[in-house]
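> Dumping the structure here so I can ask a few things about it.
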Amino acid sequence: MQRLTGIPVSPGVVVGRAVVLTGHADVVRFPIPPDRVEHELEQLDQARARSHAQLEEIRARLASGPGHDLAPLFDAQLLILDDSMFMGRARDIVRHERVNAAWAVHRAYEELCAVFATVEDPYLRERDSDLADVAGRIRMNLRRAGGWAADLLRDVDGPAVLIADELTASLAAQMDWSRVLGFATDAGGRTHHTAILARSLKVPAVVGLRDLSRRVSPGTAVVIDGTAGTVTLDPSPADIDDARRQAPARRRASTGAGPSAASVPAPTLTADGIAIRLEANLERLEDVPALLEAGAEGIGLFRSEFLLAERSPERLTEERQYEIYRELLTSVAPRRVTVRTFDLDERQLSRWAGRDRRDTRPGRRGLRLGLAHPDVLRTQLRALLRAAPLGQLRVMFPFVTSVEEMRMATAVVREVADELGRPGAVPVGAMVEVPSAALAADLLARESAFFTVGTNDLIQYTLAVDRTDERVSDLYEPLHPAVVRLLRLVRRAATRSKIDASVCGEMASDPAMIGLLIGLGFREFSMTPSAIPVARRLIQDVRAADARRTAGEVLRLATAADIEQHLFDALAAASRGSVPR
Ligand code: PEP
Ligand code: MG
């Protein structure tokens, strides 16, 4: 028996078997029973084969096109993929340590990185970025085959307690919380954010336990006392009895699939009866079943530029795009579909080999690029408008920075509609993801049928923080007063012009943020499909009237820390007297 003390953030006592997640939730580690080892190795082999085929395809495409000088780069990646030091080692780790394949790949990657770091030869040292790409690709292919954090709990008998190095918002949004009794984390920073998560989810939690996730073996019995702030590993039978006596009856709140896939789900109602629309962000047609299963009311953001991940712009003809949009619209009909025109920059457009999410230079991006390449924009719009009668389509422009741009873009839509004999066929909206668009939202609202707020870009451009640059990533703060005020501004402008405004960035799927967004007046959200069940459950507990009052108070606060503290206090006050499950 071992008792550790941390910071109590959400009260209540629970006892359960540990599920351990580490690696900042990007790569998770979990144990597998002996009879699953072969299955895990098979998954690994399939992911390797898929990665091989993808790399061969990219290399062949580049070799025959304008990017032929880049083709040899992929030879290095193929060599790494075939090297037994990498995949052979990952197989050994699965077999001997009985852990999931994604974790084994991560470990093998780290070991090889350490070797590369000691090599003198600069050419070889540079191969570590290829290694990172290959490891990332294998994990992506493993994820497609299942075995991701959200699936993890399915492999555990009965409810579990979650032990993590850090519980990120995106991981929290995807967990099946009906199967998690409570959680404890190593991280002590961002305490309030985690506390808001725990309180919103109504699970006991302790944070700031330093190296807890390294000390706990998966499957160990653990008592989490979120009132006293203690975590007991391998508790004695008396401790377990004691904990069970204190544990309140579990509220059976399923976060599983919502309504059946066939029926269009009704909006989710807040505790005081306000209707909230939940839609899904989608990158690929293949993800439509996930959206249906999650009970999304539509597609709030289809990132169409991902269509270019598998084909060059020349191959993405009007006809091919028409077929894709037709399939998209009909496969989710009668649900609404909002397609964002290609959000690319010039470099990506000319040498596409998977959108580089690390490149955040604004440059000529999104709508700017579309207007600079009217052929690309017109082709996409023709395909979209031709498909429009087959479902409920809305078209949205990314990275809008001015009224002029929006006017030019809507003029192109009108011209294309006229050419096709379908004037005014679809609502045309603007993404608000740049401070200039948010600050001029009242003006932009007159030119737009709807707004979709892209908080990912809005936060980074407002705060001048590249969210992928680790040196400043702690400054990427959704609760910065400037961000909260901009959101309020956009929502107000939309209300005054009587247009819809949804939120589609990561902030919408952060369980700690949804109450604030509702309080600011937002009634529509779009998020990764797996985050929808958790959001649905949380919304049912929010009283919009209270959320509005809290948002009003928050708008007067000067720092992100004050705002976080205030949101936490408001949640604690709301739950006072009611015992968390
Ligand atoms: C955003 O910026 O919030 C957004 C949803 O767009 P993306 O993440 O695709 O840039
Ligand atoms: Mg964006």
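Each reported figure results from applying straightforward, stated rules to the coordinates on display, with no laboratory input. Predicted, not measured: the structure shown is a model, and the values here were computed from it. Every residue, glycine among them, receives a Cβ derived from its backbone with ideal geometry; neighbour counts consider all protein chains shown.
> Quick one: 39, 480, fewest Cβ neighbours within 10 Å first, how do they rank?
39, 480
> Turning to a different aspect of this structure: Within segment 457-563, which trypsin sites (Lys or Arg not before Pro) sit in a loop by DSSP and count at most 14 neighbouring Cβ atoms inside 10 Å?
When the trypsin sites (Lys or Arg not before Pro) of segment 457-563 are filtered for loop state and at most 14 Cβ neighbours within 10 Å, 471, 498, 556 remain.
> Also: Excluding the sites themselves, what is the longest stretch of the chain that contains no GluC sites (Glu not before Pro) in a DSSP loop with at most 14 other C-beta atoms within 10 Å? The partial results should precede the final answer.
Details: sites that count: 120, 470.
In short, 121-469.
> Taking the simple approach of a point 7 Å from Cα along Cα-to-Cβ for both residue 476 and residue 246, what is their distance in nm?
Between residue 476 and residue 246, the simple spin-label model gives 3.7 nm.
> Nearest 0.05, what FRET efficiency do residue 57 and residue 271 give at R0 = 41 Å with Cβ-Cβ as r? Numbers along the way, then the final one.
Working: r = 50 Å, r/R0 = 1.23.
After rounding, the FRET efficiency stands at 0.25.
> For segment 33-142, what are Rg and Dmax over the alpha carbons, in angstrom?
In Å, with Rg to one decimal and Dmax whole: 14.8, 49.
> Among DSSP beta bridges whose residues both lie in the chain, state the antiparallel percentage, nearest 5.
35
> Let me ask something else about it. Hand me the trypsin sites (Lys or Arg not before Pro) from segment 185-229 located in a DSSP loop with no more than 15 other Cβ atoms within 10 Å, in residue order please.
210
> Neighbouring Cβ atoms within 10 Å as the yardstick, rank 530, 402 fewest first.
Arranged by neighbour count, lowest to highest, 530, 402 become 402, 530.
> On to the next question. So how far apart, in nm, are the two label points at residue 419 and residue 553 if each is 7 Å from Cα heading toward Cβ?
About 5.6 nm, to one decimal.
> Something else: Over the Cα atoms of the chain, what radius of gyration and what Dmax do you get, in Å?
Gyration radius and largest Cα-Cα distance of the chain: 24.5, 78 Å.
> Once every DSSP H run of n ≥ 4 in the chain is given -39500 (n - 2.57) and the sum is divided by its residues, what mean residue ellipticity at 222 nm do you get, rounded to the nearest 500 deg cm²/dmol?
That calculation yields -14000 deg cm²/dmol at 222 nm.
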